[in-house]
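Below is one structure; the comments refer to it alone.
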Ligand SMILES: *[C@@H]1O[C@H](CO)[C@@H](O)[C@H](O)[C@H]1NC(C)=O
Ligand SMILES: *[C@@H]1O[C@H](CO)[C@@H](O)[C@H](O)[C@H]1NC(C)=O
């Protein structure tokens with residue numbers, strides 16, 4: 001009880017401090033006379049100057065891009081460390097250059113920052129249509145977050161990126177929430193958010209419709225929570241692809257919860273390349289409470305993943321060891337007959353895989369019936385129809401007793417859902433209060 005009081009005392013104190021600071025905060029408006037940014041023109045210089053001033057401010061500062069449409073034709077790096085928490089208030093729309101050949105890195109980078117808040121209801125418009133036809137290999141990520149800690153990105157639209165919309169790399173404790181990410185269904189490689197080498201990242205309450213994965217989680221990802229996402233069209237929510245490079249770090253503690261996938265090619269997917277140069281691991285993965293609407297491959301582990309046009313040595317199995325994976329309460333419709341496919345590696349069969357409360361129907365023509373296929377894995381099955389219970393393996397025992405919420409098996413302490421709290425509001429409060437408390441401490445010392 002006492003510790004709870006102390007905790008809420010701290011929370012109140014830090015929120016109060018936050019309010020006080022916010023009141024006196026310095027606003028660096030890119031359209032002010034000092035910076036001279038004007039709608040419908042290139043504001044690259046104004047952006048850089050206002051960021052530099054805001055970042056040098058000794059108290060919380062705000063970079064403001066007011067309503068209106070602006071061009072941002074140069075590569076922009078918003079780099080810290082800054083002297084105090086910094087807010088990037090994007091109310092207007094920033095347009096990328098149509099021709100990306102001048103940009104050899106990401107269009108926009110947020111780098112080496114602590115306590116960044118990016119919000120404001122505005123839009124990053126990648127203007128990617130030109131690049132989709134050109135198939136450039138440059139600018140793999142439009143908006144990159146690199147070594148950004150204790151930050152919140154909320155209420156922003158990202159659209160029509162040249163390739164991936166958002167890249168998250170070497171980040172720690174960052175919440176992405178209430179985002180809208182859109183690109184046409186046929187735009188190549190326009191993943192919504194790609195996360196790698198990062199810890200405690202949440203992606204929640206967002207709408208993502210692109211030409212590739214809505215969310216993809218690459219190597220070195222720890223304690224990642226993806227929840228309340230409406231995804232589609234696109235390629236679904238994926239872990240991977242893994243096993244392409246040597247020295248890949250483990251993927252551990254991934255929770256994907258309460259997501260609806262509509263018209264996507266995949267639903268809940270783990271993908272690894274064949275012929276991996278080294279061994280690596282992915283474990284403690286939970287896909288739960290997901291609704292599939294006409295999804296081609298609703299539940300998929302693919303250890304023979306091979307991207308279109310790439311030459312893959314499919315005969316040489318993947319060396320990525322996948323274990324402790326749970327697919328729980330996944331319902332809806334499959335647009336292909338094979339609704340469940342667990343295609344694990346011959347050299348590293350999947351361990352401890354569980355399928356429970358799976359209820360998928362086939363929405364295609366009447367000639368085919370719904371079915372399932374499993375290779376190099378023997379999952380535990382509970383409340384799954386026979387057709388979805390690895391039909392190619394013959395009879396595997398199915399536990400049809402009513403669910404008892406034992407939380408499944410395997411280590412759950414590292415699951416993102418636990419460490420960050422289940423309630424999004426509490427999670428954000430905890431995030432804000434812990435970061436602000438840290439800041440307060442810092443200010444007092
Ligand atoms: C972010 O956190 C990492 C690891 O905890 C640390 O090494 C890095 O210096 C931090 N970066 C900033 C800008 O605070
Ligand atoms: C599940 O996600 C939807 C949005 O896709 C949201 O409206 C709903 O509140 C979420 N449910 C829970 C229990 O969080």
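The values are calculated or read from the model by the stated rules, or taken from the named source; none is laboratory data. Please read these numbers as outputs of a predicted model, since none were measured by experiment. Because the Cβ atoms are built from the backbone with ideal geometry, glycine has one as well, and the counts that use them run over all protein chains shown.
Some observations on this one:
- Selected residue [part of a strand (DSSP E or B), under 21 Å from residue 65 (Cβ atoms) and more than 16 Å from ligand 2 (Cβ to nearest atom)] from 152, 181, 195: 152
- Any hit, the stretch 229-246, residues being in contact with a helix residue (DSSP H, G or I) (Cβ under 6 Å, 6 or more places away or on another chain) and at pLDDT 95 or above: no
- Residue, surrounded by the most Cβ atoms within 10 Å (Cβ to Cβ), within the stretch 175-200, restricted to residues that are within 16 Å of ligand 1 (Cβ to nearest atom) and without any contact (Cβ under 8 Å) to a residue 60 or more places away in the chain: 195
- Neighbours by Cβ (under 7 Å, 6+ apart or cross-chain): first from the stretch 244-257, farther than 25 Å from residue 290 by Cα; second part of a loop (DSSP other than H, G, I, E, B) and within 16 Å of ligand 1 (Cβ to nearest atom): 249/197; 249/220
- Residue 108 vs. criteria under 21 Å from the mean Cα position of the chain (by Cα) and farther than 21 Å from residue 29 by Cα: no
- Look at the stretch 138-152: where a residue is more than 16 Å from residue 79 (Cβ to Cβ) and a partner is at pLDDT 95 or above and within 16 Å of ligand 2 (Cβ to nearest atom), sitting 6+ places away or on another chain with Cβ atoms under 6 Å, you get 152/175.
- Residue check for residue 270: within 16 Å of ligand 1 (Cβ to nearest atom), buried (at least 24 other Cβ atoms within 10 Å of the Cβ) and modelled with pLDDT of 95 or more: no
- Residue within the stretch 250-260 that is in contact with a strand residue (DSSP E or B) (Cβ under 9 Å, 6 or more places away or on another chain) and not in a strand (DSSP E or B) present: yes
- Scan of the stretch 284-299 for residues that are away from ligand 2 (no atom under 16 Å from the Cβ), part of a strand (DSSP E or B) and over 18 Å from the mean Cα position of the chain (by Cα), ordered by number: 294, 297, 298, 299
- With respect to the conditions (1) touching a residue at least 40 places away in the same chain (Cβ under 8 Å); (2) part of a loop (DSSP other than H, G, I, E, B), residue 228 lacks only one, and its number is (2).
- In a residue-by-residue description of the stretch 163-175, the property of being touching a helix residue (DSSP H, G or I) at 6+ places or on another chain (Cβ under 6 Å) and assigned to a loop (DSSP other than H, G, I, E, B) applies to no position.
- Qualifying residue in the stretch 155-162 (condition: part of a strand (DSSP E or B), under 16 Å from residue 193 (Cα atoms) and within 16 Å of ligand 1 (Cβ to nearest atom)): no
- Qualifying strands (runs of 3 or more DSSP E) (wholly inside the stretch 86-126; at least 1 residues being away from ligand 2 (no atom under 16 Å from the Cβ) and within 14 Å of residue 68 (Cβ to Cβ)): 86-90, 93-95, 123-125
- Criterion: on the phi > 0 side of the Ramachandran plot and either in contact with a helix residue (DSSP H, G or I) (Cβ under 6 Å, 6 or more places away or on another chain) or crowded, with 18+ Cβ neighbours inside 10 Å (or both) - qualifying residue of 127, 95: 127
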